[in-house]
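Engineer: Got a structure for you, questions after.
The values are calculated or read from the model by the stated rules, or taken from the named source; none is laboratory data. Quick caveat, the model's predicted, so the values are computed rather than measured. Cβ: placed from backbone, ideal geometry, glycine included. Neighbour counts: every protein chain shown. Only protein heavy atoms, including side chains, enter the accessible area calculation; ligands, DNA and RNA are left aside. Shrake-Rupley method; radii C 1.70, N 1.55, O 1.52, S 1.80 Å.
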Amino acid sequence: MAVLVTGGAGYIGSHTAVALHEAGRKVVLLDNFDNSSPAAVDAIRALTTSDMTFVEGDLRDRSVLDHIFETHDIDEVVHFAAHKAVGESVTIPLDYYGNNLGSTIGLAGAMVEHGVRKLVFSSSCTVYGQPGTIPVTEDAPTGAESPYGWTKFMSEQILRDVAAAADLDVVLLRYFNPVGAHESGTLGEDPNGIPNNLVPYVMQVAVGRLEEVGVFGGDYNTPDGSGVRDYIHVVDLAEGHVAALDALDGSLQGACTAVNLGTGVGSSVLEVISAASDAVGAPIAYEIVDRRPGDIEQIYADPAYAKEVLGWESTRDLATMMRDHWNWQRQNPNGFGG
Ligand code: NAD
Ligand code: UFG
């Protein structure tokens with residue numbers, strides 16, 4: 001039997017493909033290269049097996065899914081494929097609703113029709129907004145503040161409804177802030193254009209592609225005034241998916257369950273820049289600038305439920321995240337483009 005990984009050439013999907021292979025699972029990858037490149041598939045194959053199955057196609061194309069389910073013995077799916085830029089989603093909302101909801105609905109329909117019962121879905125801590133209580137637990141109120149966020153909120157609800165109606169078992173994994181790279185330095189995050197996210201931006205400053213980091217706000221009600229997030233190593237996150245698939249055979253069978261994937265540690269923007277400087281071995285230029293509209297002040301996970309139901313917890317600290325992200329950026333200053 002095999003696991004289908006949608007969005008398998010992307011940042012988190014590629015690391016998860018490697019983790020699934022290491023855990024002894026057979027993997028089929030699907031991606032349309034909308035936000036990734038064939039070089040990522042080559043890198044996955046170099047770390048795993050040269051004949052790992054890759055299908056280039058769009059998840060919204062039902063014939064692609066039917067073909068995959070008919071020609072491979074798929075019994076479980078990890079669904080990463082989505083557009084993910086919050087700001088862009090405000091500008092082109094229909095693209096986001098069309099792609100993210102269309103993919104989830106198409107995939108769930110094909111799974112039900114082909115009798116595939118186990119699904120792990122990429123959700124986000126964005127569904128919590130600014131939580132009233134930190135660390136945030138899975139029973140905190142949810143909602144959204146951007147079209148992207150709504151696609152995660154709505155996908156969660158769609159999957160809850162399908163799970164109840166059609167015997168689909170689902171884990172909704174709410175990721176906190178994934179950073180870092182595979183320790184080989186051959187697989188990592190390769191954002192298009194100027195990065196929106198903090199750590200890719202910091203690393204592009206370190207490698208000389210950008211001038212300095214703008215720290216969005218120095219007057220938040222946090223220990224040093226900059227925003228606080230729960231950064232999690234992408235390989236820890238990948239291993240969380242293996243644990244979630246295992247739990248669908250055990251404690252989470254017959255349910256649709258939301259689980260946080262975070263470390264439980266909040267780090268400020270200034271702490272991240274300092275840890276990155278240590279990893280790089282040189283200071284990273286930054287300047288405190290205005291707050292970014294729509295940003296929340298601080299969030300980090302309560303990871304206790306993940307430990308309880310998945311038997312999983314993160315093991316890699318901020319220094320390791322920065323070491324591995326830098327190792328990838330240093331070896332690939334222009335990402336998969338060379
Ligand atoms: P990514 O853009 O690197 O990977 C997503 C992949 O899906 C890309 O390779 C893209 O080409 C592919 N894709 C998109 N639409 C597709 C379609 N219709 N058919 C086939 N392939 C398609 O993003 P990522 O950082 O790896 O994120 C993976 C998932 O995790 C997404 O659902 C994202 O919303 C979610 N998530 C990411 C973060 C983060 O900070 N990276 C945080 C929380 C949640
Ligand atoms: N930041 C800066 N300068 C930058 C970029 C970011 O100071 O150039 C700050 C932000 O203000 C924030 C922190 O760094 O305090 C992290 O920002 P990111 O953009 O890296 O991450 P966010 O927490 O804002 O957003 C991420 C994902 C979203 C997702 C959200 C919740 O990018 O897709 O987490 O899961 F919705």
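Engineer: Inspect all residues belonging to region 169-181 and state whether any of them is more than 24 Å from residue 43 (Cβ to Cβ), modelled with pLDDT of 95 or more and near ligand 2 (Cβ under 10 Å from one of its atoms). Please lay out each step first, then the result.
Structural biologist: Taking region 169-181 first, the residues more than 24 Å from residue 43 (Cβ to Cβ) are 169-172, 174, 176.
Add one more test, that the residue is modelled with pLDDT of 95 or more, and what stays is 169-172, 174, 176.
With the extra rule that they be near ligand 2 (Cβ under 10 Å from one of its atoms), the set shrinks to 174, 176.
Within region 169-181, one or more residues are more than 24 Å from residue 43 (Cβ to Cβ), modelled with pLDDT of 95 or more and near ligand 2 (Cβ under 10 Å from one of its atoms).
Engineer: Something else about it: If residue 112 meets every condition in (1) under 20 Å from the mean Cα position of the chain (by Cα); (2) open to solvent by 40 Å² or more (accessible area, probe 1.4 Å); (3) among the aliphatic types (A, V, I, L, M) apart from one, which number is that one?
Structural biologist: (1)
Engineer: Now a separate question. Would you confirm, using the coordinates I've provided, whether residue 81 is buried (at least 20 other Cβ atoms within 10 Å of the Cβ) and touching a residue at least 12 places away in the same chain (Cβ under 8 Å)? Explain how you work it out, then say what you get.
Structural biologist: On the way: buried (at least 20 other Cβ atoms within 10 Å of the Cβ): yes; touching a residue at least 12 places away in the same chain (Cβ under 8 Å): yes.
Taking the combined requirement at face value, the residue satisfies it.
Engineer: Let me ask you something else. If you take the residues of region 25-37 that are assigned to a loop (DSSP other than H, G, I, E, B) and not polar (S, T, N, Q), which of them is nearest to residue 9 (Cα to Cα)?
Structural biologist: The qualifying residue nearest to residue 9 (Cα to Cα) is 33.
Engineer: Quick one: what pairs do we get from region 311-338, first residue touching a residue at least 60 places away in the same chain (Cβ under 8 Å) and on the phi > 0 side of the Ramachandran plot, second open to solvent by 40 Å² or more (accessible area, probe 1.4 Å) and not in a helix (DSSP H, G or I), C-beta under 7 Å, 6+ apart or different chains?
Structural biologist: 335/190
Engineer: Check region 239-262 and report whether any residue there is under 16 Å from residue 323 (Cβ atoms) and either under 19 Å from the mean Cα position of the chain (by Cα) or not in a helix (DSSP H, G or I) (or both). Working first, answer last.
Structural biologist: We begin by selecting, within region 239-262, every residue under 16 Å from residue 323 (Cβ atoms); these are none.
For region 239-262, residues under 16 Å from residue 323 (Cβ atoms) and either under 19 Å from the mean Cα position of the chain (by Cα) or not in a helix (DSSP H, G or I) (or both): absent.
Engineer: What residue, among those in region 162-182 that are part of a helix (DSSP H, G or I) and touching a residue at least 24 places away in the same chain (Cβ under 8 Å), is most open to solvent (accessible area, probe 1.4 Å)? Lay out the reasoning, then the answer.
Structural biologist: Taking region 162-182 as the starting set, the residues that turn out to be part of a helix (DSSP H, G or I) are 162-166.
Those still in the list that are touching a residue at least 24 places away in the same chain (Cβ under 8 Å) too: 162-164, 166.
Values: 162: 34, 163: 16, 164: 89, 166: 28 Å².
In this case the residue turns out to be 164.
Engineer: List every residue pair whose Cβ atoms sit under 8 Å apart, with the two residues 6 or more apart in sequence or on different chains, where the first one lies in region 243-256 and is more than 21 Å from residue 314 (Cβ to Cβ) and the second, anywhere, is of a type outside the set (Val, Ile, Thr) and assigned to a loop (DSSP other than H, G, I, E, B).
Structural biologist: 256/168
Engineer: Moving on to the next point. Give the residue that is modelled with the lowest pLDDT, with candidates limited to residues of region 31-70 that are surrounded by fewer than 16 Cβ atoms within 10 Å (Cβ to Cβ), over 17 Å from residue 187 (Cα atoms) and out of contact with any strand residue (DSSP E or B) (no Cβ under 9 Å at 6 or more places or on another chain).
Structural biologist: Looking at the filtered set, the residue picked out is 51.
Engineer: Here's another thing I want to ask about it. Which residue pairs have Cβ atoms under 9 Å apart, sit 6 or more places apart or on different chains, and have a first residue in region 194-211 that is over 18 Å from residue 278 (Cβ atoms) and a second that is within 15 Å of ligand 1 (Cβ to nearest atom) and aromatic (Phe, Trp, Tyr)?
Structural biologist: 194/201; 195/201; 210/201
Engineer: Can you name the residue in region 244-286 that is at positive phi and in contact with a strand residue (DSSP E or B) (Cβ under 7 Å, 6 or more places away or on another chain) and, of all such residues, is farthest from ligand 1 (Cβ to nearest atom)?
Structural biologist: Filtering region 244-286 down to residues at positive phi leaves 254, 264, 281.
If we keep only those that are in contact with a strand residue (DSSP E or B) (Cβ under 7 Å, 6 or more places away or on another chain) too, we end up with 254, 264.
Numbers: 254: 25, 264: 17 Å.
Ranking the qualifying residues of region 244-286, first place goes to 254.
Engineer: Name the residue that is farthest from residue 301 (Cα to Cα), counting only residues in region 247-266 that are surrounded by fewer than 23 Cβ atoms within 10 Å (Cβ to Cβ) and of a type in the set (Ser, Thr, Tyr).
Structural biologist: Selected residue: 251.
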